[in-house]
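The structure appears below as structure tokens.
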Amino acid sequence: MADTKHAVSPAHSGTLSLALDFGPLLVFFLGYKFLGMIVGTGAFMAAIVVAVIVSKWKLGKVSPMLWLSAALVLFFGGLTIYFHDQSFIQIKPTIIYSFFALMLFGGLLRGKPLLKYLLQAAYDGLSETGWRKLSRNWAIFFVAMAIANEVMRRTMSFDSWLAVKVWGVTIVSVVFAAANIPMLMRHGLNLGDKLDSDEIGGTSPPQG
């Protein structure tokens with residue numbers, strides 16, 4: 001019998017990874033719209049736990065970003081429900097983005113582009129310079145996303161913030177990832193080899 005960890009094709013794996021990242025946030029969006037903040041937050045917390053379980057079961061692993069997102073969703077979701085204060089769930093993305101920016105910048109200062117250790121199989125042939133530039137670019141992107149989230153949560157209604165969080169952040173992340181491809185190709189990335197979309201998806205900002 002084939003190993004179930006390898007039973008998922010790269011294409012299906014990438015689709016599943018996207019669903020695990022985006023699904024819980026979509027559950028929150030729909031729950032909030034139709035059932036209110038408290039029920040929506042509870043559904044969000046349940047959905048992120050399911051995402052972790054499914055990721056471990058179907059992909060054989062849970063990405064660091066999904067672990068962190070799940071921990072913060074449960075923590076800040078619990079505070080949101082207890083205090084009936086939506087600001088807790090709004091500040092969570094700022095913490096996630098800031099954490100990954102600090103991790104990436106810290107790695108670069110130590111001469112270790114951390115994305116290389118997370119995504120090496122997906123970016124076969126990429127040079128050390130390419131890894132440094134990719135880590136730098138995503139670190140800057142995460143800083144920009146943290147700042148943008150703080151501006152949005154302070155200046156927009158919750159409904160508008162949530163709509164941008166669900167749809168806008170996803171689109172911007174995909175566009176940014178695609179914009180890095182030409183630079184990666186100049187530094188050795190071979191698109192002729194397998195490019196695991198599940199691993200690439202791990203470089204986009206956590207959707208929780």
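The values are calculated or read from the model by the stated rules, or taken from the named source; none is laboratory data. Just so we're clear, the structure is a prediction, and the values are computed from it rather than from any experiment. Neighbour counts are summed over all protein chains in view; Cβ atoms, including those assigned to glycine, are modelled from backbone coordinates with ideal geometry. Surface areas here come from the heavy atoms of the whole protein model, side chains and all, with no ligands, DNA or RNA. Shrake-Rupley method; radii C 1.70, N 1.55, O 1.52, S 1.80 Å.
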Scan segment 157-208 for residues that are modelled with pLDDT of 75 or more and of a type in the set (Asp, Glu) and report the count.
1
May I ask you to list the residues in segment 51-66 that are surrounded by 14 or more Cβ atoms within 10 Å (Cβ to Cβ), of a type outside the set (D, E, K, R) and assigned to a helix (DSSP H, G or I)?
51, 52, 54, 55, 59, 64, 65, 66
Unmet requirement for residue 44, which otherwise passes all of (1) surrounded by fewer than 19 Cβ atoms within 10 Å (Cβ to Cβ); (2) at pLDDT 90 or above
(1)
Would you mind finding the one in 139, 148, 144 that is open to solvent by less than 20 Å² (accessible area, probe 1.4 Å) and either more than 13 Å from the chain's Cα centre (by Cα) or not charged (D, E, K, R) (or both)?
139
Scan segment 151-190 for residues that are open to solvent by 40 Å² or more (accessible area, probe 1.4 Å) and closer than 14 Å to residue 92 by Cα and report the count.
3
Single match in 108, 79, 66, 104 (criterion: in contact (Cβ under 8 Å) with a residue 40 or more places away in the chain and touching a helix residue (DSSP H, G or I) at 6+ places or on another chain (Cβ under 7 Å)):
66
